[in-house]
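Read through the structure below, which is laid out as structure tokens, and then see the notes.
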Amino acid sequence: MTDHDGEWLGEASSADTALLEHAPGGALSSRGRQAAIEASLGLLGVYFAAGDQQLVDRASGSRAEQPDELDVILAGLRVRVALAASNRLLKILSDVVARPTFRYELRSTEQVGALSGALDINRWVTRSHGGDQELTYPVLEVRRGARTPENVLASYALAWIREELRRSLAVSIATSGSVEYRAVRQQRERLGRLAQLPLLAGSAPRATEIRTRPALDRLMAQVQRRLQRREIPSARPYSELVEWMSACLSGLPAVDPGDVDLALYGHQFDNKLFELWCLGTLGRELAHAMNVPEPIINRAWRREAAAYSFENFSGRIDVYFQRSIPSVTKLSAARWVKEDGRPLGGIPDIVVRARPLGGTERLAVLDPKLRQRDRLPAEELYKILGYLQNFGIEPAVGGVLIYTTEAEPRPADVFHDDAGGTLISASLNPSASPDVVKDALRDVVTTLLSQIDLVPPTSTAASDALGSAQELAEDTVESTRTLLASWGNAHLGEIRPSRERIEALVGEKRWAALASDVQVMMATADLVGHQLDPTADFSGPVIGMCAAIEHLIYTQLIQSVVAGNTDWARQTRTFGAAVDAVGLAARGKGSTISKSIRARMELLGLDLDVVASLESSWHRLNSTYRVPAAHREVLSRTSWQQVYRLVIGAETLFARTYDALQSTSPNSS
């Protein structure tokens, strides 16, 4: 870690820690600045060429206006990322040059006086002979050539990063005496010397012919095919080159945040940086609370689109950065106007638009402030109230996000009015642990989710200290189920038609076998699964529909067997593990758990062959749909329709599962 003067900070003592966390008024601490940049690198869009840079110059627009503060910070970070990216590429290309690929090529040449090679017959017979000129023979020679697809790609990447260094320096504020200017100049010289090597120089003409994205995509595909077919002997450096280029073209950062020298230009960008960090942190916390994948910044976030958009079964949330309220919604216009009709405007830092399923649009206004406060930030809160009142936002929901250097979470100040409004002041520290930041934002996230009538479940710690991926996935499933049940219980009138439809499909007796909360989950999944936008994530409805099958298996076969045995309960916690145990039990195989489950099935008088025949369908439901949903993958509308058909549609898995697990023994309990 480096401070803004580039000095190594190393392991800090308590005194050093206090120094790192010291922040003058209106500035981040050294540690806070580094943490904010690392967390916001992807959000800032500082990518290696952002996937659209070409080797040819484009005509630049003649904008008369000066670049705004965000443009400047992006330009400054772009130089740093380009330098780190060039270091990474230098290492890859050094390995390429050490063991390059080649192919044999036929080349035409001339031999004078005597023939000592393969005569090029076509050229010889079409050539005019005679005269007293010295006799020459056209011959074909076999030579080793370096113009393979992978070497052309290496030359392209080299020229690409040299151009990125030039452009990023040109748009930055670095002067000729700055560290950045010298570093870029030295790096371009190193890259220039590398470009003169025969391997890369020979491939350069082909590389300069690549001027469009489709052409580059075709070249990348060629190299990938050669790697898959093992046509490249020293594959490792070329494979790294392809992976890196693929990531760059898809818009991912060209380097890891830790690879970037974060010795930025002092603290002059801290205010904007804190605002961007708050935006990214809010996006991640909303995604986690809604059990949707980690957010990806919208490419058009600085023009007309939302920076982040989230949608699940309860509604949609759009988060806008530095956009006027009238540009976000048509429902709010300024109340205060001048005599000439000009409205009192204003651009909040963050505007959140919520659209609950079947409800009316709601707004919230948030304003990050890089100001440390030992008292309630009343002035900032009144500014938020001004926005809310002027634009007629009801219920009035908003808040301020105040910077703090404290490592422990400070309770948020939350105010309510008698019309359902909420006003919050939360203190955030970019260098604090993720758990501390999460706690500090809890009231803000809960309030925003309430805008779509969603009550997030209370977080629970994983049963293992480290928390395995499976346990985290099961926590996601439990959270989603709780969200479904919570939303459904608050909208019982809306889900009633879905309850009646499912009951008609599966039968009254089978429907009554489900616990009330599972019925609510399934009905909620049915309702929202048929109302969500086709482009939305259908993970929530999928998890809700799977809950019915899981409930039948657990209550009939697993629950009584593992009761009081913590190890057995943990071993069968996941749906896949439970299905494995039941399948083995039905076939008379498996461990002690399966033997106990088999004894349970025999006590119930179940047909073991029928139970075993359902195992493949249960596994398909789990592996194809439930597991991706549990790991927060985006599931499509098609996946939802397939689950619906499998569980309560034409494949009748719910009905078949209920019938197979129905007790026929009078001695069962």
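The values are calculated or read from the model by the stated rules, or taken from the named source; none is laboratory data. Keep in mind the model is a prediction, meaning the values are calculated, not measured. Cβ coordinates were reconstructed from backbone atoms using ideal geometry, including for glycine residues, and neighbour counts include every protein chain displayed. Remember, those area values only see protein heavy atoms, side chains included, never the ligands or the DNA or RNA. Shrake-Rupley method; radii C 1.70, N 1.55, O 1.52, S 1.80 Å.
Things worth noting here:
- Selected residue (only one of Arg182, Arg193, Arg213 is without any contact (Cβ under 8 Å) to a residue 24 or more places away in the chain and over 19 Å from Ile92 (Cβ atoms)): Arg182
- Check on Asp453, modelled with pLDDT under 90, in contact with a strand residue (DSSP E or B) (Cβ under 7 Å, 6 or more places away or on another chain) and not hydroxyl-bearing (Ser, Thr, Tyr): yes
- Pick from the stretch 344-373, criterion surrounded by fewer than 20 Cβ atoms within 10 Å (Cβ to Cβ) and touching a residue at least 60 places away in the same chain (Cβ under 8 Å), ranking: farthest from Gly32 (Cα to Cα): Gly358
- Residue pairs whose Cβ atoms lie under 6 Å apart, sitting 6 or more positions apart in sequence or on different chains, and linking a residue in the stretch 409-436 that is farther than 20 Å from Arg284 by Cβ and modelled with pLDDT of 90 or more to a partner that is acidic (Asp, Glu) and surrounded by 15 or more Cβ atoms within 10 Å (Cβ to Cβ), are Val414/Asp443; Ser425/Asp413.
- Filter pass, Leu514 being more than 30 Å from Pro295 (Cα to Cα), outside any helix (DSSP H, G or I) and open to solvent by less than 60 Å² (accessible area, probe 1.4 Å): yes
- Against the conditions (1) assigned to a helix (DSSP H, G or I); (2) within 30 Å of the chain's Cα centre (by Cα); (3) among the hydrophobic types (A, V, I, L, M, F, W, C), Ala536 satisfies every one except (1).
- Residue count for the stretch 324-338 under the criterion of being open to solvent by 30 Å² or more (accessible area, probe 1.4 Å) and either part of a loop (DSSP other than H, G, I, E, B) or more than 12 Å from Leu363 (Cα to Cα) (or both): the result is 9.
- So Leu216, is it modelled with pLDDT of 80 or more, in contact with a helix residue (DSSP H, G or I) (Cβ under 9 Å, 6 or more places away or on another chain) and more than 16 Å from Ser246 (Cα to Cα): no
Listed here are the residues, each with its yes/no results for (1) out of contact with any strand residue (DSSP E or B) (no Cβ under 9 Å at 6 or more places or on another chain); (2) of a type in the set (Gly, Ala, Ser); (3) closer than 16 Å to Gly315 by Cα.
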| residue | (1), (2), (3) |
| --- | --- |
| Trp511 | yes, no, no |
| Gln519 | yes, no, no |
| Met522 | yes, no, no |
| Leu527 | yes, no, yes |
| Gln531 | yes, no, yes |
| Thr535 | no, no, yes |
| Gly540 | no, yes, yes |
| Ala547 | yes, yes, no |
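- Scope the stretch 592-626; condition at pLDDT below 90 and either closer than 16 Å to Ala473 by Cα or open to solvent by less than 70 Å² (accessible area, probe 1.4 Å) (or both); matching residues: Ile593, Ser594
- Selection status of Gly258, closer than 17 Å to Pro430 by Cα and modelled with pLDDT of 80 or more: no
- Exclusive hit being of a type outside the set (Ser, Thr, Tyr), in a helix (DSSP H, G or I), in contact with a helix residue (DSSP H, G or I) (Cβ under 9 Å, 6 or more places away or on another chain) and crowded, with 17+ Cβ neighbours inside 10 Å, set Arg481, Arg501: Arg481
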